[in-house]
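Asks: Dumping the structure here so I can ask a few things about it.
The values are calculated or read from the model by the stated rules, or taken from the named source; none is laboratory data. On a predicted model such as this, the values are computed, not experimentally measured, just so you know. We place every Cβ from the backbone using ideal geometry, glycine too, and count neighbours over all the protein chains shown. Remember, those area values only see protein heavy atoms, side chains included, never the ligands or the DNA or RNA. Shrake-Rupley method; radii C 1.70, N 1.55, O 1.52, S 1.80 Å.
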Amino acid sequence: ITVEGLQVRNAHNSFSYTNSEGATATYSDSAASIFVERGENLIFRDLVLTGSGNGFFVASGAEEASVSRNILLERSSIYGNGNSGSDRHHNIYCEAVGMVYQYNYISYLRAGSGGGALKDRSAGNVIRYNWFEGGARMLDLVDAQESAAITTVDPSYRQTFVYGNILVNGNGGATRLVHYGGDSGETEYSN
């Protein structure tokens, strides 16, 4: 499946929507412009994702059937996401096997957000030819969480390829440009 050429914005707790029962509801803190619950062999291209709790989010679960795999995000602009006063929501937050990020423009989060430009818990990452600026951490490449039982035994776990990217750290920028390794305190899952 290929999703391309969309602008998706404002899935944020400061906005409301009409739910399937016809009632007005408020978005959750972790709402995302694009949220992949579980998926395989997906391409996301030429997107603009902004103004949401998370810009681009890919989830995986603890069983093989619920692990997301082989996902490509390319030539997209992702900026202005996150929640003020929180470090739990990011421009990009993914956990999968085989994530590829290429030719993207990832810029500053929502004012006051402590989230990252790209937070990833995947196995077999390729992060190439992207532009990064902003975020508490620009590249936060940490251990698997929900899918740890599956992804940590995958041969591509602990294989992360990062090359050809531009990282710009301006005023009020990242406290760490790159963080690689443990995040959960579970040392057996550390990258």
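Asks: Residues to consider are 169, 125, 130; find the one that is under 24 Å from residue 51 (Cβ atoms) and within 15 Å of the chain's Cα centre (by Cα).
Replies: Values: 169 fails: within 15 Å of the chain's Cα centre (by Cα); 125 fails: under 24 Å from residue 51 (Cβ atoms).
Answer to the selection: 130.
Asks: Let me spell it out: the conditions are (1) part of a loop (DSSP other than H, G, I, E, B); (2) open to solvent by 40 Å² or more (accessible area, probe 1.4 Å); (3) over 21 Å from residue 7 (Cα atoms), and residue 108 meets all of them except one. Which number is the exception?
Replies: Result: residue 108 fails condition (3) only.
Asks: I would also like to ask the following. Every residue in the stretch 64-82 that is farther than 21 Å from residue 152 by Cα, open to solvent by less than 10 Å² (accessible area, probe 1.4 Å) and in contact with a Ser or Thr (Cβ under 6 Å, 6 or more places away or on another chain), please.
Replies: Matches in the stretch 64-82: 81, 82.
Asks: OK, next. Give just the number: which of (1) under 12 Å from the mean Cα position of the chain (by Cα); (2) farther than 18 Å from residue 61 by Cβ does residue 93 not satisfy?
Replies: Among (1) under 12 Å from the mean Cα position of the chain (by Cα); (2) farther than 18 Å from residue 61 by Cβ, residue 93 violates only (2).
Asks: Collect the residues in the stretch 9-47 that are part of a strand (DSSP E or B) and either open to solvent by 40 Å² or more (accessible area, probe 1.4 Å) or in contact with a helix residue (DSSP H, G or I) (Cβ under 9 Å, 6 or more places away or on another chain) (or both), keeping them in residue-number order.
Replies: Answer for the stretch 9-47, where residues must be part of a strand (DSSP E or B) and either open to solvent by 40 Å² or more (accessible area, probe 1.4 Å) or in contact with a helix residue (DSSP H, G or I) (Cβ under 9 Å, 6 or more places away or on another chain) (or both): 9, 16, 17, 18, 24, 26, 35, 40, 41, 43, 45.
Asks: Which residues, taken from the stretch 48-58, are in a strand (DSSP E or B) and under 13 Å from the mean Cα position of the chain (by Cα)?
Replies: Hits for the stretch 48-58 are 49, 50, 54, 55, 56, 57, 58.
Asks: The conditions are (1) open to solvent by less than 10 Å² (accessible area, probe 1.4 Å); (2) in contact with a Gly (Cβ under 6 Å, 6 or more places away or on another chain); (3) at pLDDT 95 or above, and residue 115 fails exactly one of them. Which is it?
Replies: Status for residue 115: all satisfied but (3).
Asks: Out of everything in the stretch 126-139 that is open to solvent by less than 30 Å² (accessible area, probe 1.4 Å) and at pLDDT 95 or above, what residue ends up being farthest from residue 180 (Cα to Cα)?
Replies: Taking the candidates together, the pick is 130.
Asks: So, one more: Checking the structure you have, find out if any residue of the stretch 170-177 is outside any loop (DSSP other than H, G, I, E, B), out of contact with any Pro (no Cβ under 8 Å at 6 or more places or on another chain) and touching a residue at least 24 places away in the same chain (Cβ under 8 Å).
Replies: Yes.
Asks: Related question: Quickly run through the stretch 84-103 and pick out the residues that are of a type outside the set (Val, Ile, Thr) and either assigned to a strand (DSSP E or B) or in contact with a Phe, Trp or Tyr (Cβ under 7 Å, 6 or more places away or on another chain) (or both).
Replies: 84, 91, 93, 94, 98, 99, 101, 102, 103 - these are the residues of the stretch 84-103 that are of a type outside the set (Val, Ile, Thr) and either assigned to a strand (DSSP E or B) or in contact with a Phe, Trp or Tyr (Cβ under 7 Å, 6 or more places away or on another chain) (or both).
Asks: Now for a separate question. Please verify whether residue 61 is assigned to a loop (DSSP other than H, G, I, E, B), open to solvent by 10 Å² or more (accessible area, probe 1.4 Å), of a type in the set (Gly, Ala, Ser) and at pLDDT 95 or above, treating the condition exactly as stated.
Replies: No; evaluated as a whole, the condition is false for this residue.
Asks: Right, here's the next one. Looking only at residues that are open to solvent by 30 Å² or more (accessible area, probe 1.4 Å) and in a helix (DSSP H, G or I) in the stretch 140-169, which one is nearest to residue 67 (Cα to Cα)?
Replies: 150
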